[in-house]
Amino acid sequence: MEVTTFTLITGASSGVGREVARSLSRSRRLILHGRDPARLGETRDLCERPNEHLLWSLELCPVEAIDASLVALIHDQRLAIDGFVHCAGTLKVEPLRLLERATAQEIMDVNFMSALEILRLLVRRKTNGKHLRGVVFISSTASEFGARGFGAYCASKGALDAFMRAAAVELAPQVRVNSVLPGATRTAMTETMLSDAALRQRMEADYPLGLGEPGDIAAAVEFLLSDGARWITGQQLVVDGGRTVNITA
């Protein structure tokens, strides 16, 4: 059966996911995932050759809904997925004493468990054949460091990176799996935090190259999916304007 090859991008309706979609659309057919069909349509309109891209609207929490929905999409559309970029993410800053278990579960489901579930399906021969070649998870420097109120978020990104390393070993040599770890990047998810002028000024002072833009992350993703990264797997590519190497007091 003849199939058409696509790259799947979760969280494509805004921020980093939307910019990744715009970047990759120059050379790939895309499946654009998100919760809001209207915003996904806006992303598709910003892409090169918009008519070639498909929309997949689904809540990633609970993760149990992913299996049937993704398998149906692949089989009904007679498509194959050769690339997977997990940009979907949620951030809720709460002190540990106020954190509800349901909130922590949602963060883990969206940021980590949904990535595991999608990759589990994409490497199944009956679902996607042997088409998958490259995977990039959008993690965070929060997977390596701590911050007040970020406990569940840090845990979810730490789990994502640990899973990345294990998957890179298990799926080699056919599939390369890597993570991109952004620092503070101007997106809708960080808008509230960066709207605090005093906080933003302190953060900017800690970033030698200033705060990041979604395009900075998209460029790293495009490289890791390209043939130029053919000998790179299991790696965490930090894209943070030098923040994590700045030990200036």
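Please go through region 122-161 and give me each residue that is among the hydrophobic types (A, V, I, L, M, F, W, C) and surrounded by fewer than 16 Cβ atoms within 10 Å (Cβ to Cβ), ordered by number.
F145, A147
Quick check on region 1-50: of everything there that is under 28 Å from K130 (Cβ atoms) and among the polar types (S, T, N, Q), which residue is nearest to the chain's Cα centre (by Cα)?
Among residues in region 1-50 that are under 28 Å from K130 (Cβ atoms) and among the polar types (S, T, N, Q), the one nearest to the chain's Cα centre (by Cα) is T10.
Among the candidates T233, T244, single out the residue that is crowded, with 18+ Cβ neighbours inside 10 Å, polar (S, T, N, Q) and in contact (Cβ under 8 Å) with a residue 40 or more places away in the chain.
T233
Does any residue of region 148-159 turn out to be in a helix (DSSP H, G or I) and within 28 Å of T5 (Cβ to Cβ)?
Of all residues in region 148-159, those in a helix (DSSP H, G or I) come to 151-159.
Retained after the next criterion (residues that are within 28 Å of T5 (Cβ to Cβ)): none.
The answer is no; no qualifying residue exists.
For V135, indicate whether it is part of a strand (DSSP E or B) and within 16 Å of the chain's Cα centre (by Cα).
Against the criterion (part of a strand (DSSP E or B) and within 16 Å of the chain's Cα centre (by Cα)), V135 qualifies.
Please indicate, with yes or no, whether at least one residue in region 147-154 is modelled with pLDDT under 95 and basic (K, R).
Yes, some residue in region 147-154 is modelled with pLDDT under 95 and basic (K, R).
Failed condition for D227, given (1) acidic (D, E); (2) touching a residue at least 12 places away in the same chain (Cβ under 8 Å); (3) loosely packed, with under 12 Cβ neighbours inside 10 Å, with all others met?
With (1) acidic (D, E); (2) touching a residue at least 12 places away in the same chain (Cβ under 8 Å); (3) loosely packed, with under 12 Cβ neighbours inside 10 Å applied to D227, the lone miss is (2).
Any chance region 176-194 includes a residue that's in contact with a Lys or Arg (Cβ under 9 Å, 6 or more places away or on another chain) and loosely packed, with under 12 Cβ neighbours inside 10 Å?
Scanning region 176-194, I find no residue that is in contact with a Lys or Arg (Cβ under 9 Å, 6 or more places away or on another chain) and loosely packed, with under 12 Cβ neighbours inside 10 Å, so the answer is no.
Given (1) in a helix (DSSP H, G or I); (2) within 22 Å of E222 (Cα to Cα); (3) without any contact (Cβ under 8 Å) to a residue 24 or more places away in the chain; (4) not basic (K, R), where does L199 come up short, assuming only one miss?
Result: L199 fails condition (2) only.
For region 67-87, name all the residues that are out of contact with any Lys or Arg (no Cβ under 9 Å at 6 or more places or on another chain) and under 19 Å from P182 (Cβ atoms).
The answer is F84, V85, H86.
Could you please give the count of residues in region 215-232 that are more than 15 Å from the chain's Cα centre (by Cα) and of a type in the set (D, E, K, R)?
Just the residues of region 215-232 that are more than 15 Å from the chain's Cα centre (by Cα), to begin with: 226-232.
Next, from what is left, pick out any that are of a type in the set (D, E, K, R): 227, 230.
Residues that pass the stated criteria total 2.
When region 10-52 is examined, which residues are found to be part of a loop (DSSP other than H, G, I, E, B), without any contact (Cβ under 8 Å) to a residue 40 or more places away in the chain and out of contact with any Phe, Trp or Tyr (no Cβ under 6 Å at 6 or more places or on another chain)?
Once the filter is applied, which keeps residues that are part of a loop (DSSP other than H, G, I, E, B), without any contact (Cβ under 8 Å) to a residue 40 or more places away in the chain and out of contact with any Phe, Trp or Tyr (no Cβ under 6 Å at 6 or more places or on another chain), region 10-52 yields S13, S25, R26, S27, R35, D36, C47, E48, R49.
The values are calculated or read from the model by the stated rules, or taken from the named source; none is laboratory data. Note that the structure is predicted; figures quoted are calculated from it, not measured. Note that each Cβ is placed from the backbone with ideal geometry, even for glycine, and that neighbours are counted across all protein chains shown.
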